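Structure first, then comments.
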Amino acid sequence: MAYAVLVVSALFFEIAMNLPVGTMPLALTADGASRAATSVAMGSGMFAALLASLPLGALTDRFGRLVMIRAAAVLGIAALGALSFAHGPLAGGLLLGVRSIALVAYMTAEFAYASELASNDRAVSGVATLGMIGNLTFALAPAASVFLWQHGIGRQQYAWATGVAALGAACLFLLPKRYDVRTAHQRTVVLDRRWLPACFFAAATVLQGGVNGSIAVLTFADRGIVNGAAIFSASALTAFALRYPAGRLVDRFGPRLIALPTAAIQVVGCALAAQAHSLVAVIVAGACLGTAWAAVVPVSIGLLFEHSKSETRGAAMGAYNLAFSGGAACGALLATGATLAGPGYPLAITLCALAPLAVLPYVWRSGSNARRMPRVNAGAAVGQ
């Protein structure tokens, strides 16, 4: 019953919270914001998540999963509602930052709570469906938001979405306390240095997410593509379909070996996106990036689990979110710099192809000190 409540809550809450990913660039442009200002505003959410990830992971361990997930839901609803009437890059950027903090807190607490619903050998695999729901909502919401915008439904869609998010938040109050975990009387782990290879690999691979989230929609619109947000849909749907097989490969062959083809397929996806001038090309590029992302999560989580345990799960998820947000934030900076320099999206996304390749030697060297962890389905741990 508790798991079903989490699934329904995640479905409603995350589909509502992902709507601005598709249309906030269009809304800010309609307000008269420059391309660079729009890029900075869209990137502000990534920077906010970067700053908040580690503290939120530690707070989740210290004060409990239920307190964090409920507070995060309320904060997210407030931010989404405010976006329905706020205008300009400054207000938009601030609210996108609050939205990102709410999402990071929600997902960190959600995954930590879900891990307590089953025995140890099924705890992580039990989180798989929640992660896949995250992929599914990200696949649907941005493109649907753009579709609504194109049919005359602008910022008011965010106001309607607050009702959907509120339904998800209401479900959270049905969760039983017996599955909550607090470590208030223990030393709180914030970041273990042995988690750094996983964090660097995740950050390098999600760099493209920051670039695409900042300027892909506007770039593809300039190229005459009807719905540039299709790159998000193709990526998320592919990741949704391939996450479990990728996780099984990590279980069988280990995270370091699977990191190699993961980096290679990301190179292909970024190269295709740089030259995409049709909707079909955008979808193919998104599918390649989604294939890579399906494996990035189990690879990163597999590396994290080599040096973590159940008592530090919130902190480990905080470290993962730090890497995710850091990579996205750097991607937003890269997008802004490339835009100001002139070449824009093609230059930025091409550099994203090189980042995972540069990190691979560090990931491989970390294997010499890795210790064997209890067998888990690492591929299902987190979905972003």
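The table for this structure:
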quantity: Excluding exposed DSSP-loop chymotrypsin sites (Phe, Trp or Tyr not before Pro) (at most 16 other C-beta within 10 Å), longest clean stretch of the chain; calculated: 174-384
quantity: Modelled FRET efficiency - R0 41 Å, A91 with H277, Cβ distances, 0.05 increments; calculated: 0.75
quantity: The range 140-208: trypsin sites (Lys or Arg not before Pro) falling in loop per DSSP and having at most 16 other Cβ within 10 Å; calculated: R182, R187
quantity: Expected 222 nm ellipticity per residue - DSSP helices of 4 or more, -39500 (n - 2.57), all of the chain, to 500; calculated: -26000 deg cm²/dmol
quantity: Pair V67, A30: separation of 7 Å Cα→Cβ label points (nm); calculated: 4.1
quantity: Cα-Cα P(r), the chain, percent of pairs per 20 Å interval; calculated: 32, 60, 8
quantity: Within a Gaussian network of the chain (alpha carbon springs, distance under 10 Å), most fluctuating of S325, S115, S100; calculated: S115
quantity: Nearest-20 debye value, the chain charge dipole, Cβ charges on Lys, Arg, Asp, Glu; calculated: 840
quantity: Cα-Cα separations in the range 270-314 greater than 18 Å, expressed as whole percent; calculated: 49
quantity: Semi-axis lengths, Å, the range 208-297, gyration tensor of Cα atoms, sqrt of 5 times eigenvalues; calculated: 26, 11, 9
quantity: Kyte-Doolittle mean at least -0.5 and Cα axial length at least 30 Å: DSSP H helices in the chain; calculated: 35-63, 89-114, 128-150, 230-253, 279-305, 313-341, 345-365
quantity: Solvent-accessible area, 1.4 Å probe, carbon plus sulfur percent, for the range 255-338; calculated: 78
quantity: Rg [Å, one decimal], Dmax [Å, integer] - the range 21-80, C-alpha atoms; calculated: 15.1, 44
quantity: Two-site FRET efficiency, Q156 against A4, from Cβ-Cβ distance with R₀ of 25 Å, rounded to 0.05; calculated: 0.20
quantity: Accessible surface of E116 - all protein chains present, 1.4 Å probe, nearest 10 Å²; calculated: 70
quantity: Solvent exposure, largest accessible area first (probe 1.4 Å, DNA, RNA and ligands not counted), of V299, V74; calculated: V74, V299
quantity: Heavy atoms of D180: accessible area, 1.4 Å probe, square angstrom to 10; calculated: 40
quantity: Nitroxide proxy distance, nm - points 7 Å out along Cα→Cβ at L260 and L354; calculated: 2.3
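The values are calculated or read from the model by the stated rules, or taken from the named source; none is laboratory data. Just so it is clear, the structure is predicted and the values come from calculations on it, not from any experiment. All Cβ positions, glycine included, derive from the backbone under ideal geometry; neighbour counts span all protein chains shown. Just so you know, the surface numbers come from the protein's heavy atoms only, side chains and all, with ligands and any DNA or RNA stripped out. Shrake-Rupley method; radii C 1.70, N 1.55, O 1.52, S 1.80 Å.
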